[in-house]
Number of protein chains: 2
Amino acid sequence: MSLLQPFNEEYFMKQALAEAKKAYDADEVPVGAVLVVKNQIIARAHNQTELLTDVTAHAEILALSSASSYLGSKYLPEATLYVTLEPCMMCSGALYWSQIGKVVFGAADEKRGFMRYGKEILHPKTTIAYGIMEEECSALLTSFFEKKRKMKSIT
Amino acid sequence: MSLLQPFNEEYFMKQALAEAKKAYDADEVPVGAVLVVKNQIIARAHNQTELLTDVTAHAEILALSSASSYLGSKYLPEATLYVTLEPCMMCSGALYWSQIGKVVFGAADEKRGFMRYGKEILHPKTTIAYGIMEEECSALLTSFFEKKRKMKSIT
């Protein structure tokens, strides 16, 4: 990490990955997100669908709600969301409504990710970047589902 | 309404419309929803994006969260959602994850509704019905946006 630019995309994705690890430890599908405005993290969240018994409690939704509450604004055109996995249709739909400035994701999700429908799922003003720390983000998910399969085969 | 079948689709859509009217009165985009299991309404909600400063606070999302909390289950295969407007991508993505049994909507939303991407946005087990009380559901939305335009032209 350069001293001249300490807050680069990898730095924030590492923070999102730290959130994903909290989900892993809590036996939730390990996806994490941080929401950043002017190099400041204003919301952190990880998937809590099991804890909250709520399919809508994805990291992205929780981070959006938290950030809007903090800023007092439904719209987040100045914000960037860093999330370890490509957002699903629900989350990309929410990101559309928020008019978020930028979305950066790590691992791709070919099955349930929004990119199969094209980037027009997001707001026209939203820019997208992906593949940041893809291997680390993906490895955590792979490890989680392997653990789950082993647990199932034992019981 | 027949005495033999008091709880038909129109009955539940009227309840969803009553929720939409609460949104209208609160100066929110007037969309309402009820979630029904075995002819019992287990959740009622209306759009509260302004009140909660949260783009994710659509009627459908609030109804899903409430119903899952009440039933103690993330999945709602026995439930039917009645909603006055065709769900958006965010809400249909959430409905997908919930594996909801059936979705019934009133007015179509050609711009932001999920049907433009096809019904595979919902879970393969979810059935869909639409056009129930379409005119009433649509008229409330038209009236709301006309009121908004008039207010804008005065200020």
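Return the residue satisfying two criteria in turn: it lies in the stretch A:68-109 and is at the interface with another protein chain (Cβ under 8 Å from one of its Cβ atoms), assigned to a helix (DSSP H, G or I) and of a type in the set (A, V, I, L, M, F, W, C), and of such residues it is surrounded by the fewest Cβ atoms within 10 Å (Cβ to Cβ). Among those that are at the interface with another protein chain (Cβ under 8 Å from one of its Cβ atoms), assigned to a helix (DSSP H, G or I) and of a type in the set (A, V, I, L, M, F, W, C), it is A:TRP97.
Quick grid of which residues meet (1) of a type in the set (D, E, K, R); (2) closer than 18 Å to A:MET90 by Cα; (3) out of contact with any Phe, Trp or Tyr (no Cβ under 7 Å at 6 or more places or on another chain):
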| site | (1), (2), (3) |
| --- | --- |
| B:THR80 | no, no, yes |
| B:LEU85 | no, yes, no |
| B:TYR96 | no, yes, yes |
| B:VAL104 | no, no, no |
| B:ARG112 | yes, yes, yes |
| B:LEU122 | no, yes, no |
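The number of residues in the stretch B:96-131 that are in contact (Cβ under 8 Å) with a residue 60 or more places away in the chain, under 12 Å from the mean Cα position of the chain (by Cα) and more than 22 Å from B:ASP25 (Cβ to Cβ) comes to 1. The residues in the stretch A:51-61 that are within 13 Å of the chain's Cα centre (by Cα) and facing chain B (nearest Cβ under 7 Å) can be counted, and the count is 1. B:LEU64 meets the conditions (1) under 23 Å from A:THR53 (Cα atoms); (2) more than 11 Å from every other protein chain (Cβ to nearest Cβ) in every case but one. The failed one is (2).
Per the listing B:LEU17, B:LEU35, the residue uniquely surrounded by 17 or more Cβ atoms within 10 Å (Cβ to Cβ), within 14 Å of B:PRO87 (Cβ to Cβ) and touching a Ser or Thr at 6+ places or on another chain (Cβ under 9 Å) is B:LEU35.
Considering only the stretch B:50-96, state which residues are within 24 Å of A:GLU120 (Cβ to Cβ) and hydroxyl-bearing (Ser, Thr, Tyr). Residues satisfying the conditions are B:THR56, B:SER92, B:TYR96.
Scanning the stretch A:1-33 for residues that are at pLDDT 95 or above and of a type in the set (Phe, Trp, Tyr) gives A:TYR11, A:PHE12, A:TYR24.
Taking the conditions (1) closer than 17 Å to A:GLU78 by Cβ; (2) in a strand (DSSP E or B); (3) open to solvent by 30 Å² or more (accessible area, probe 1.4 Å) in turn, A:PHE7 satisfies each one other than (2). Please indicate, with yes or no, whether at least one residue in the stretch A:124-140 is of a type in the set (Asp, Glu) and either open to solvent by less than 10 Å² (accessible area, probe 1.4 Å) or closer than 26 Å to B:MET115 by Cα (or both). No, the conditions are met nowhere in the stretch A:124-140.
The values are calculated or read from the model by the stated rules, or taken from the named source; none is laboratory data. Being a predicted model, the structure only gives us computed values, none of them experimental. Cβ coordinates were reconstructed from backbone atoms using ideal geometry, including for glycine residues, and neighbour counts include every protein chain displayed. Heavy atoms of the whole protein, side chains included, go into the accessibility calculation; ligands, DNA and RNA do not. Shrake-Rupley method; radii C 1.70, N 1.55, O 1.52, S 1.80 Å.
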